[in-house]
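Written out below as structure tokens is the structure these notes cover.
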Amino acid sequence: MRRVSATDAKRNLAALLDAAQRESVVIRRHKRDVAVLLSAAKYERQRSLNITEFQSFCDRVAARAAEHGFDAKKLAANLSHDRTGARPRRRR
């Protein structure tokens, strides 16, 4: 993984865009990582993986909820109340 300062990134953006096709480029400002430049293909792979992992998590939660008798109707009822049991106020 390549690291460059924000100033260098500004000066050499075209070269960094080419470099990002081969490896991720970390942009630093004041000795802190502030951004990462990566290829569109790598971004799409990461995004797809995150969506797949999140769906798997949701499926696991739904299965455990169903095991305990929690269904869509009970979920809707719980979401329509705050933690104190009071119904939300309607806006006028």
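Values in this text are rule-based calculations from the coordinates and carry no lab data. Everything numeric here is computed off the predicted structure, so don't read it as measured data. A quick note on method: Cβ atoms are made from the backbone with ideal geometry, for glycine too, and the neighbour counts reach across all protein chains shown.
Hey, rough spin-label estimate for residue 14 and residue 46, points 7 angstrom out along Cα→Cβ, what's it come to in nanometres?
2.6 nm
Taking the chain on its own, what percent of its Cα-Cα pair distances exceed 23 Å?
Tail fraction, whole percent: 57.
Just subtract the alpha-carbon distance of residue 6 and residue 74 from 0.36 nm times their residue separation and send over the number in nm, one decimal.
19.4 nm
Please compute the modelled spin-label separation between residue 66 and residue 22, points set 7 Å along Cα→Cβ, answer in nm with one decimal.
Calculated label separation equals 5.0 nm.
Taking R0 as 35 Å, what's the FRET efficiency between residue 34 and residue 57 from their Cβ-Cβ distance, rounded to 0.05?
With R0 = 35 Å, the Cβ-Cβ based efficiency is 0.75.
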